[in-house]
1. If I ask for residues that are assigned to a helix (DSSP H, G or I), of a type outside the set (S, T, N, Q) and over 19 Å from Asn12 (Cβ atoms), which ones from the range 75-101 would you list?
2. Of the residues that sit in the range 120-135 and are over 17 Å from the mean Cα position of the chain (by Cα) and not hydroxyl-bearing (Ser, Thr, Tyr), which one is nearest to Val147 (Cα to Cα)?
3. Within 25 Å of Leu25 (Cβ to Cβ) and touching a helix residue (DSSP H, G or I) at 6+ places or on another chain (Cβ under 8 Å): is that true of Ile63 in this structure?
4. For the range 182-192, does any single residue satisfy the condition of being modelled with pLDDT of 95 or more and closer than 30 Å to Ile50 by Cβ?
5. Among the residues of the range 201-225, write down those that are aliphatic (A, V, I, L, M), out of contact with any His (no Cβ under 6 Å at 6 or more places or on another chain) and buried (at least 19 other Cβ atoms within 10 Å of the Cβ).
6. Return the pair list, or none, for Cβ contacts closer than 8 Å from residues in the range 88-114 that are over 18 Å from Tyr211 (Cβ atoms) to residues that are of a type in the set (Asp, Glu), at least 6 apart or on different chains.
7. Let me confirm something: among Glu104, Glu108, which residue is on the phi < 0 side of the Ramachandran plot and in a helix (DSSP H, G or I)?
Amino acid sequence: MTTTITPLIAGNWKMNGLRGSLDELTALAGMLTTGEAPRAVVVICPPATILAAIARQGASAGILAGGQDCHAAPSGAHTGDISASMLVDAGAQYVIVGHSERREAHGESDADVRAKAEAAIGAGLKPIICVGETEAQRDSGQALDVVAAQLAGSIPDAAELHEIIVAYEPIWAIGTGRTPSNDDIAEMHNSIRDKLVQRFADKGASVRILYGGSLKPQNAREILAVDNVNGGLVGGASLLAKDFYTIISAV
């Protein structure tokens, strides 16, 4: 892990969580405030229905809130969508854009992701921009090139002046229990860092690069110690306070 960058651990609850799930937030807040102070920024990205409650209830424990997606437009006739400014109004400080589940299930292109990231920055949010390759792309030796193209197409020029986060999630590892080797993770994260520095110079050297894809209590410590891994984007393990706290404590 790059020691000059404060790590960030973000929990992506996906389409999980009702008001009763706030009990897990209460438990996590208790762990964070009574145990050793976390050495990472902690973010939870819940469903929009409980975003405001997460933001309000987590504040006392230093838990920040984020959205799972936003529309590129600030408002308008977009039934079922949510704008970046609406997320801010609900208490969010971050937003995930370009998650593979959005790219695949909703057909989002790099250009779509870039527009959403621009909207997020414009509203004052910090976008967590997701990139990652499929299993077929990994097996055919295209992983580095695929992710490089996603970075080029998905990150807006505004990143030169505003904070962004990049999250690398090998698609074949999300929710499968499979993870790439530490060497594979290091190779990809070092490649991402190189691309960021080439494009944004010193600014690119300070961008957090998160790892996601079956990050769990059992493997968090070794993965978070890999060079240029500046935190994690956690899926299922973030739904349980004990598991998520274990990952946060692994920093």
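1. Asp89
2. Glu135
3. For Ile63, the condition - within 25 Å of Leu25 (Cβ to Cβ) and touching a helix residue (DSSP H, G or I) at 6+ places or on another chain (Cβ under 8 Å) - is met.
4. no
5. Val207, Leu210, Leu215, Ala220, Ile223, Leu224
6. Within 8 Å, the pairs are Val95/Asp69; Arg102/Asp69; Arg102/Glu108.
7. Working: Glu108 fails: in a helix (DSSP H, G or I).
Answer to the check: Glu104.
The rows are residues; the columns are (1) touching a residue at least 40 places away in the same chain (Cβ under 8 Å); (2) under 19 Å from Cys45 (Cβ atoms); (3) not acidic (Asp, Glu).
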residue	(1), (2), (3)
Gly153	yes, no, yes
Asp183	no, no, no
Ser191	yes, no, yes
Ala205	no, no, yes
Glu222	yes, no, no
Val226	yes, no, yes
Ile248	yes, yes, yes
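The values are calculated or read from the model by the stated rules, or taken from the named source; none is laboratory data. Since the structure is predicted, the reported quantities are computational estimates derived from the model, not experimental observations. Reconstructed Cβ throughout: ideal geometry from the backbone, glycine too, with neighbour counts over all protein chains shown.
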